[in-house]
1. Name the residues in segment 363-374 that are open to solvent by 10 Å² or more (accessible area, probe 1.4 Å) and closer than 13 Å to LYS317 by Cα, would you?
2. Filter segment 495-528 down to the residues that are surrounded by 19 or more Cβ atoms within 10 Å (Cβ to Cβ) and more than 35 Å from the chain's Cα centre (by Cα) and list them by number.
3. Tell me, please, whether a residue that is in a helix (DSSP H, G or I), exposed (fewer than 13 other Cβ atoms within 10 Å of the Cβ) and not aliphatic (A, V, I, L, M) can be found in segment 393-409.
4. Which one of the conditions (1) closer than 22 Å to LEU606 by Cβ; (2) not in a loop (DSSP other than H, G, I, E, B) does GLY478 fail to meet, given that it meets all the rest?
5. Would you point out the residue of segment 421-457, among those that are more than 14 Å from CYS472 (Cβ to Cβ) and among the basic types (Lys, Arg), that is surrounded by the fewest Cβ atoms within 10 Å (Cβ to Cβ)?
6. Which pairs have Cβ atoms under 6 Å, sit 6 or more apart or on different chains, and link a residue in segment 80-108 that is of a type in the set (A, V, I, L, M) to one that is assigned to a loop (DSSP other than H, G, I, E, B) and surrounded by fewer than 18 Cβ atoms within 10 Å (Cβ to Cβ)?
7. With the requirement that a residue be in a strand (DSSP E or B) and of a type in the set (S, T, N, Q), what does segment 136-170 give you?
8. Can you tell me which residue within segment 620-640, out of those that are open to solvent by less than 20 Å² (accessible area, probe 1.4 Å) and aliphatic (A, V, I, L, M), is farthest from CYS472 (Cα to Cα)?
Amino acid sequence: MALCDASLGWGVKGFGIGRPRGNLSTIQASCSYFNGQTLIPVPIKSWKVSCCSSGKTSFPLNFLDIAKNGIPVSVEEDSGHVIKFKMSDFKVLDSVSIGLGGRADEVVFEAIVKDPKSPLSNTKVVLRRLISAQARRRGKRAIEVFKKLVRRKMMYYSYSMQVHGYVASSKGNGRSSFTLVHGYHGSFSLRHWFQQSDWLPTLEATLALDEESVRRVGDDTIGGPAISRQLRLIRILMRDLLIGVNYLHSHGLAHTELRLENLHVSPVDRHIKVGILGNAADFFEDSLDIGSMENNMDRRQMMIAFDMRCVGFIMAKMVLRDLMDPLVFTNFKSFLTKGNDPSCLREYLLQSLDRNSSSGNSGIQILDRNWGAGWNLLSLLLAGKPSERIRCLDALRHPFLCGPRWRVAPSIDIIRWGLGSTAIRITEEYIYGHTQRSRLAHFIELMEMLNPHLKPKNWLKLLPGKWRLLYCTGKHLGLTFRSPPVRALIGNTYLTISKSIESASALALTSNINFTVMVGPKWPHDKEGVPGKLQVNSLFNLSAGRQIYVKEETSGRFSLGHSANRDALQQRITTGRWGKAIPYKELPSSLPVASFVSHDDVEVILNLDEPLSRDVKSAGNVVREVRTQIPPEMFDLSKLVCGTYVDSRLLVLRGVSGSALLFTRSCIDERSS
């Protein structure tokens, strides 16, 4: 029985199917130029060109390709390791594994080679009959790529689906059929593995995980809690995938079709196979024009970036299996295509994923481990700009993919990310005892010292957007030990920053505080009430300023920033584990900050639903209660003095009282805010 199944893939505009190559040697080569009518042999000598341009990487080219689009591909010439089979060489089986589903223009069979003289005798293979002209081009391209990569047999056989040969036959009506013969690597694709209810123990058994195998990812244990087992397995699969993709990239090829449906885990050698490479594209277009070298470098960067984005989607689906749902994954991709920064994925996914899903909860826990290293790797793989996406070798050195036995020296960016992620996790505990408050204040101070953006012009690029208040180091007042005339439960508090049309350095700040007024004596158990929103608008100018670190015996404030106790901060840094990341042996007397200079006008708007909106006295009590619970800087924006830390994900502002406000960028469109 044949299996013919339509498969949706990610297309690549401009990434054409690779063109045939001439047979080149290092001393002398002969190539053929197709002028539209005849093939003209052109003798040439080997070229070694070193090109370099501003901002580009210089590299040697030891080959020359001048084949043109019109040259037909012949799989019979220079066959090498490719075998031409006949259908009589196979015993076709009556079933097909679900993981081998093909495209709409393919028909897939499973078969066993029955020719006793064949080196593949009694071997199970896959026959992929390619119906359309485009499908046949994919099959011939897979053979062409096989010829190019087979020189390093071990790497090719380890990380690519083996292409054994083909079956070509002519029909009486002048039409021909082409069937690709490739290796069989289990009945499931990686997508089908992860859709099984018992996927974790089954995949562990397939990979035969033991102490020797887990050492490949820097681990020294097996078993353990389910989260640790999943993380260990994802590390193994991701490292194997990245090694295979890097193997293609190092040979001048981009896969262009990386997705879970095309990945198979071989139970024989326990490696991931990255498909049959029928749509693999060459980095370098065929041209003798030296000016086109720059275009080739841009093409190479774009194609590598596309593959890395696909690897990011694969990692997201492996960790967060809720994304296997097509609708959820469509929303996930839509979030990225709208221009949202991938560093905000955690904020988005916490709101969008099903909180009752065990796979969603375990996936978030996996990405939160090691100070949020998983979120950092995911954001680098899915970065909006192709030039900012991480490459395979750098990803293999990333802390998320390195087990505890491997000591990885983190970059300063990883340290910043870890500090911010740890602070976010503490704020989510909602138990602000002395220990938590002290740790949060310490992490915020460390982040301020590692602020990557020191000039106001950089702040003007990063500040615009919607920021959600996470924590304030100032005094916290709740409802438990007080008896106010009106009880208000504070919801999400946002600070929206936009550029003002008045001047290039002017910013419009809007504070939105959502709350619920609880009426009646049952408020401790019944949090239903009258919703309301308090909005404060103000204008600021942004300029350069300094944050002063004063000695213990010195007092006073600095008008452009916050004065901190230098001796106490120095002691905390020298005794803390994070202090090793600070690039200063001795604390400086001051650090640059972005100073906020407020205009005099402040506008306050209160929205209350019925029936409280009719009572002016009740409305006044609501405003006073909200002011009591929120940081004073969020009600009176003129009390914001300076910004001490900003990146694509987090923001720290200091008030005139010296308290720090920690914000995270919000990408959730909440109409109530």
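1. Taking segment 363-374 first, the residues open to solvent by 10 Å² or more (accessible area, probe 1.4 Å) are 364-365, 368-371.
If the condition is that a residue be open to solvent by 10 Å² or more (accessible area, probe 1.4 Å) and closer than 13 Å to LYS317 by Cα, then ILE364 is the only one that fits.
2. Those that are surrounded by 19 or more Cβ atoms within 10 Å (Cβ to Cβ) and more than 35 Å from the chain's Cα centre (by Cα): VAL517, MET518.
3. Within segment 393-409, the first condition is being in a helix (DSSP H, G or I), and the residues that meet it are 393-396, 399-401.
Now narrow it down to the ones that are exposed (fewer than 13 other Cβ atoms within 10 Å of the Cβ): 393.
With not aliphatic (A, V, I, L, M) added as a condition, the list becomes none.
Looking for residues that are in a helix (DSSP H, G or I), exposed (fewer than 13 other Cβ atoms within 10 Å of the Cβ) and not aliphatic (A, V, I, L, M), one finds none in segment 393-409, hence no.
4. (2)
5. Selected residue: LYS455.
6. That search, which allows pairs on different chains as well, returns ALA104/ALA6; VAL107/ALA2; VAL107/CYS4.
7. Kept after step one, since they are in a strand (DSSP E or B), are these residues of segment 136-170: 163-170.
Listed by number, the residues that qualify are SER169, SER170.
8. VAL622
The values are calculated or read from the model by the stated rules, or taken from the named source; none is laboratory data. Everything numeric here is computed off the predicted structure, so don't read it as measured data. Here Cβ is always computed from backbone atoms with ideal geometry, including for glycine, and neighbour counts include all displayed protein chains. These area figures cover heavy atoms from the full protein model, side chains too; ligands, DNA and RNA do not enter into them. Shrake-Rupley method; radii C 1.70, N 1.55, O 1.52, S 1.80 Å.
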